[in-house]
1. What is the number of the single condition among (1) out of contact with any Leu (no Cβ under 9 Å at 6 or more places or on another chain); (2) surrounded by 14 or more Cβ atoms within 10 Å (Cβ to Cβ) that residue 200 does not meet?
2. Just to be sure, is residue 52 at pLDDT below 95 and either surrounded by 17 or more Cβ atoms within 10 Å (Cβ to Cβ) or not aliphatic (A, V, I, L, M) (or both)?
3. Scan the range 90-129 residue by residue and report those that are among the β-branched types (Val, Ile, Thr) and either farther than 20 Å from residue 289 by Cα or in contact (Cβ under 8 Å) with a residue 60 or more places away in the chain (or both).
4. Please give the strands (runs of 3 or more DSSP E) falling wholly within the range 83-166 in which 2 or more residues are more than 20 Å from residue 177 (Cα to Cα) and at pLDDT 95 or above.
5. Anything in the range 167-207 that is part of a helix (DSSP H, G or I) and touching a residue at least 60 places away in the same chain (Cβ under 8 Å)? List them, or say none.
6. For the condition crowded, with 20+ Cβ neighbours inside 10 Å and modelled with pLDDT under 95, what is the one hit in 186, 237, 231, 223?
7. If a residue has to be buried (at least 23 other Cβ atoms within 10 Å of the Cβ) and out of contact with any Ser or Thr (no Cβ under 9 Å at 6 or more places or on another chain) to count, how many in the range 80-95 make the cut?
8. For the range 208-241, how many residues are touching a residue at least 40 places away in the same chain (Cβ under 8 Å) and not in a loop (DSSP other than H, G, I, E, B)?
Amino acid sequence: MKKGKASWMAEVVAIHRAIESMRPANERVCYDAYAMKFLDTRFRIVARSNSLARFVHWYFAERRIPGGFGEIVARTRYIDDYVLQCLADGIKQMVILGAGYDSRAYRFDEMRRGIKVFEVDHPDTQLLKVEKVKRILGTLPDHVVYVPVDLSREKLDKKLFDSGYQRNLKTLFIWEGVTMYVTEEAVDETMAFVVENSGEGSSIIFDYILKSVIDTSCKLHVANKWKDYLARSGEEATFGIAEGDLENYLLQRGFCRIESVDDEFVKGYFSELNRKQATLPFFRFAHATVKPRGQT
């Protein structure tokens with residue numbers, strides 16, 4: 001990411017959501033009315049044109065990484081569904097780690113009913129997002145707190161607590177599109193923070209890739225195409241969890257009520273609409289609840 005500019009990936013994910021949101025209501029997998037508004041002018045032009053959007057979808061997504069588009073919109077839907085479930089279950093706080101152009105704090109009306117949202121992101125990306133939110137909404141919403149953190153130099157806990165985060169409240173942590181790009185130590189530190197600094201019934205939802213993609217034992221051609229694309233973009237995949245190991249991994253770190261789903265599950269979002277949209281078979285989505293204090 002260039003200094004003073006928003007994350008390129010934040011733009012990429014937002015344009016995928018914007019394109020999907022332009023589909024008719026009975027065809028789309030997810031809906032984000034704000035995604036288009038966060039985009040720069042050039043991306044808005046693409047997203048609003050059906051022909052341009054189809055070309056971009058094929059040329060920049062399916063041709064390069066077959067299933068990449070489907071993975072992002074399915075991930076959005078999966079997390080949206082869980083957020084709504086957690087809101088119904090009475091969460092009091094939400095922390096979005098690596099928020100990018102995430103719009104859940106603005107597009108869910110339930111968020112304005114006593115839910116404090118902490119958006120954590122790199123200062124450069126967050127500064128531009130704050131400017132966009134002011135333009136879109138006219139002012140910054142009272143229920144959202146922006147927490148600029150450069151995790152390469154700063155600790156999450158200090159910045160979050162200084163921003164008003166309360167460790168005794170039931171909280172949902174959203175960690176979308178991040179774990180595969182950070183170190184194992186960083187993942188452990190984040191998981192430990194969630195377990196040690198959140199109220200009863202708190203949970204985390206995140207996506208991850210299979211460890212076989214990292215150690216090159218994965219034989220899927222699309223996995224190699226994905227890694228090559230990352231390399232050309234100056235990124236590198238650094239963390240994954242072995243197939244079948246997630247439950248034990250999270251149990252050891254203080255979680256319970258663990259759910260992990262693969263691409264066969266998320267394909268259900270598309271099959272109901274009779275669309276043959278590919279997803280990435282080496283990605284997984286998961287959520288887990290913090291174990292009650294004293295439970296082993």
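The values are calculated or read from the model by the stated rules, or taken from the named source; none is laboratory data. Not measured: the values here are computed from a predicted model. Glycine gets a Cβ as well: all are built from the backbone with ideal geometry, and neighbour counts include every protein chain shown.
1. It fails just one condition, (2).
2. No; evaluated as a whole, the condition is false for this residue.
3. 91, 95, 96, 120, 125
4. Ranges flagged: 144-148.
5. Result: 179, 180, 188, 190, 191, 192, 194, 195.
6. Just a single option satisfies the conditions, and that option is 223.
7. Result for the range 80-95: 0.
8. Result for the range 208-241: 11.
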